[in-house]
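> Handing you a structure now.
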Amino acid sequence: MKKILITTLGCKVNQYESAAFKTGFEDAGYTIAASGEKADIVVINTCAVTANAGAQSRQAVRHSVRANPGAHIVITGCFTETGAKKLSQEKELLGRKYSIVGNSKKDSLVQNTLKNKGERQQVDLGSILEKKEICHLPVRRFGDRSRAYLRIQDGCESYCTYCIVPYTRGPSRSLPRSEVIEQAKLFGSEGHKEIVLTGIHLGLYGRDLGQGEDFVSILDELSSITPEILYRISSLEPLEITDALLSLMKSRDNIQPHLHIPLQSGNDEILSRMNRRYSTAEFYGIIAKCNETLPDGALGIDILAGFPGETDNHFNSSLAFLEALDFTYLHVFPYSIREGTVAAGYGDQVTKKTKKSRVTILRKLSEQKRDIFYKSQVGKKYPVLIEGQRSRDGFLKGFTSNYVAVKFQGPDSLLNNITRVKLLSLEKGHVVAERERNNES
């Protein structure tokens, strides 16, 4: 039996695309290699969002080559857009069969790999900056998970000064409405209970498709025609959190009350240097409106520590701004120099030591905010999508509709299913709950 191994680094979009590769190879007669099994074809879907992600991508290539001495190596993803030359110079690849496939060619990756697997080396990068249409990558099933990611948009045109993504993903392209709906229905028929709508810049969905096409309209139709499926939004820019979106989220029981909103800095001067197109005052108002419309909703925030020129005063004002905000958790990232971005040329880089210190402070604040939110939810009842595996200590685990991590006792029959629970008490990083019998969703 021919074996395929797929390694995925980075974002939810990459994870969706890797699931499409899996579908394609399985249709061609391949099966996924088990742990420790040698593969005939190895696909590494790389990331380049930070310098560390690029280094991890190269490390994954080296490891895969060494672990699968006879395999055809296929390297794709964002690092191929910035580091194809470095990849081709990896000593582990000398004399090996390998392909380097750019992001604009991902829809032909499976077909071309099977067609050209006898060739020694092949580079098919295409031109991502000229790409006009999204790669069509249907997925039959999103692995064994109860939750599936559905990529409905690709590309970004924001050109934040710290970010390489517009250069590795190209301009915004949207999946046509009919294909979005078809994919969502397929996920539902395969047993997926929740779909996370995702994209590189999700809020740009539809702008390339014509009048009347936008993110709110596709979310409206999806949640209406597939009421049995829960929908979660991966991430939206602050100014894309509109009254229409919040009203829709409030009115539909199958749209999860959870938003993830990138802030990046709580200081207006640093926001301007980042080329972020909103002020802290605007962001504060957006968070307040979210809390007013979705009072028990979860609000996550991205924050970048140690951006070039971020002085102690800048950081302290950003920290004070965050302390005053009513949100649920932070995703904290240290600034990482990305060759080819505007910020890489700034002379006032922050030291690694300072960045590490600021990341520690911000992550501590995140834990405090999360615990405050979790405590506010104790005593309430919510539906929970239970994950497919128990926790290490034997409990069922999952997230409530408003993204509270819970653990509770229950039978295996509940795995990958939805049940209602009552939240009882806060423990480290999660809430202990109990199943609400005879009242399941």
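The values are calculated or read from the model by the stated rules, or taken from the named source; none is laboratory data. Here the structure is a predicted model, which means the values were calculated and not measured. Cβ coordinates were reconstructed from backbone atoms using ideal geometry, including for glycine residues, and neighbour counts include every protein chain displayed.
> Would you confirm, using the coordinates I've provided, whether residue 348 is surrounded by fewer than 20 Cβ atoms within 10 Å (Cβ to Cβ) and within 27 Å of residue 241 (Cα to Cα)?
No, not satisfied.
> Okay, moving on. Got at least one residue in the range 324-342 being under 26 Å from residue 159 (Cβ atoms), assigned to a helix (DSSP H, G or I) and in the same structural domain as residue 272 (by TED's automatic domain parsing)?
Yes, because at least one residue in the range 324-342 is under 26 Å from residue 159 (Cβ atoms), assigned to a helix (DSSP H, G or I) and in the same structural domain as residue 272 (by TED's automatic domain parsing).
> Name the residues in the range 28-62 that are aliphatic (A, V, I, L, M) and within 27 Å of residue 164 (Cα to Cα), would you?
42, 43, 44, 48, 49, 51, 53, 55, 60, 61 - these are the residues of the range 28-62 that are aliphatic (A, V, I, L, M) and within 27 Å of residue 164 (Cα to Cα).
> Evaluate the following for residue 102: is it surrounded by 15 or more Cβ atoms within 10 Å (Cβ to Cβ), at pLDDT 95 or above and touching a Leu at 6+ places or on another chain (Cβ under 6 Å)?
Answer is yes for this residue.
> Another one. Looking for something in a loop (DSSP other than H, G, I, E, B) and touching a strand residue (DSSP E or B) at 6+ places or on another chain (Cβ under 7 Å) - is there at least one such residue anywhere in the range 357-369?
Checked against the condition, which is being in a loop (DSSP other than H, G, I, E, B) and touching a strand residue (DSSP E or B) at 6+ places or on another chain (Cβ under 7 Å), the range 357-369 yields no hits at all.
> Could you list, in sequence order, the residues of the range 386-408 that are farther than 20 Å from residue 192 by Cα and exposed (fewer than 15 other Cβ atoms within 10 Å of the Cβ)?
Passing the criteria: 391, 392, 393, 394.
> When you look at residue 43, is it closer than 12 Å to residue 7 by Cβ and not in a helix (DSSP H, G or I), yes or no?
In short, yes.
> Restricting to the range 324-342, give me the number of residues that are closer than 16 Å to residue 303 by Cα and surrounded by 13 or more Cβ atoms within 10 Å (Cβ to Cβ).
Number satisfying all stated conditions: 13.
> Can I ask one more? Take the residues in the range 105-124 that are of a type in the set (A, V, I, L, M) and touching a strand residue (DSSP E or B) at 6+ places or on another chain (Cβ under 7 Å); name whichever of them is surrounded by the fewest Cβ atoms within 10 Å (Cβ to Cβ).
Among residues in the range 105-124 that are of a type in the set (A, V, I, L, M) and touching a strand residue (DSSP E or B) at 6+ places or on another chain (Cβ under 7 Å), the one surrounded by the fewest Cβ atoms within 10 Å (Cβ to Cβ) is 123.
> Please work out which residue is nearest to the chain's Cα centre (by Cα), limiting yourself to the range 85-100 and to residues that are assigned to a strand (DSSP E or B) and not aromatic (Phe, Trp, Tyr).
100
> Any residue at all in the range 5-27 that is at pLDDT 95 or above, touching a Lys or Arg at 6+ places or on another chain (Cβ under 6 Å), more than 26 Å from residue 161 (Cα to Cα) and of a type in the set (S, T, N, Q)?
Scanning the range 5-27 turns up at least one residue that is at pLDDT 95 or above, touching a Lys or Arg at 6+ places or on another chain (Cβ under 6 Å), more than 26 Å from residue 161 (Cα to Cα) and of a type in the set (S, T, N, Q).
> When you scan the range 12-40, how many residues do you find that are among the aliphatic types (A, V, I, L, M), touching a residue at least 60 places away in the same chain (Cβ under 8 Å) and not in a loop (DSSP other than H, G, I, E, B)?
Within the range 12-40, residues that are among the aliphatic types (A, V, I, L, M), touching a residue at least 60 places away in the same chain (Cβ under 8 Å) and not in a loop (DSSP other than H, G, I, E, B) number 3.
One line per residue, one yes/no per condition, for (1) small (Gly, Ala, Ser); (2) crowded, with 23+ Cβ neighbours inside 10 Å; (3) assigned by TED's automatic domain parsing to the domain that holds residue 142:
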| position | (1), (2), (3) |
| --- | --- |
| 8 | no, no, no |
| 38 | no, no, no |
| 56 | no, no, no |
| 60 | yes, no, no |
| 65 | no, no, no |
| 80 | no, yes, no |
| 85 | no, no, no |
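> Could you pull out the residue among 288, 320, 298 that is surrounded by fewer than 18 Cβ atoms within 10 Å (Cβ to Cβ), more than 15 Å from residue 270 (Cβ to Cβ) and at pLDDT 95 or above?
From the options 288, 320, 298, the qualifying one is 288.
> Also, quick follow-up: State yes or no: is residue 376 out of contact with any strand residue (DSSP E or B) (no Cβ under 6 Å at 6 or more places or on another chain), within 24 Å of residue 232 (Cα to Cα) and not assigned by TED's automatic domain parsing to the domain that holds residue 307?
Yes.
> Further question: Would you please name the residue that is surrounded by the most Cβ atoms within 10 Å (Cβ to Cβ), looking only at residues in the range 172-202 that are more than 18 Å from the chain's Cα centre (by Cα) and farther than 25 Å from residue 416 by Cα?
Step by step, filter the range 172-202, then rank; the result is 177.
> Would you check if there is a residue in the range 424-431 being in contact with a helix residue (DSSP H, G or I) (Cβ under 6 Å, 6 or more places away or on another chain) and closer than 24 Å to residue 254 by Cα?
Among the residues of the range 424-431, at least one is in contact with a helix residue (DSSP H, G or I) (Cβ under 6 Å, 6 or more places away or on another chain) and closer than 24 Å to residue 254 by Cα, which makes the answer yes.
> Failed condition for residue 383, given (1) within 27 Å of the chain's Cα centre (by Cα); (2) surrounded by 16 or more Cβ atoms within 10 Å (Cβ to Cβ); (3) over 25 Å from residue 294 (Cα atoms), with all others met?
(3)
> Hey, another quick one. What's the total number of residues in the range 133-181 that are free of Cβ contacts under 8 Å to residues at least 24 places away in the same chain and more than 20 Å from residue 78 (Cβ to Cβ)?
1
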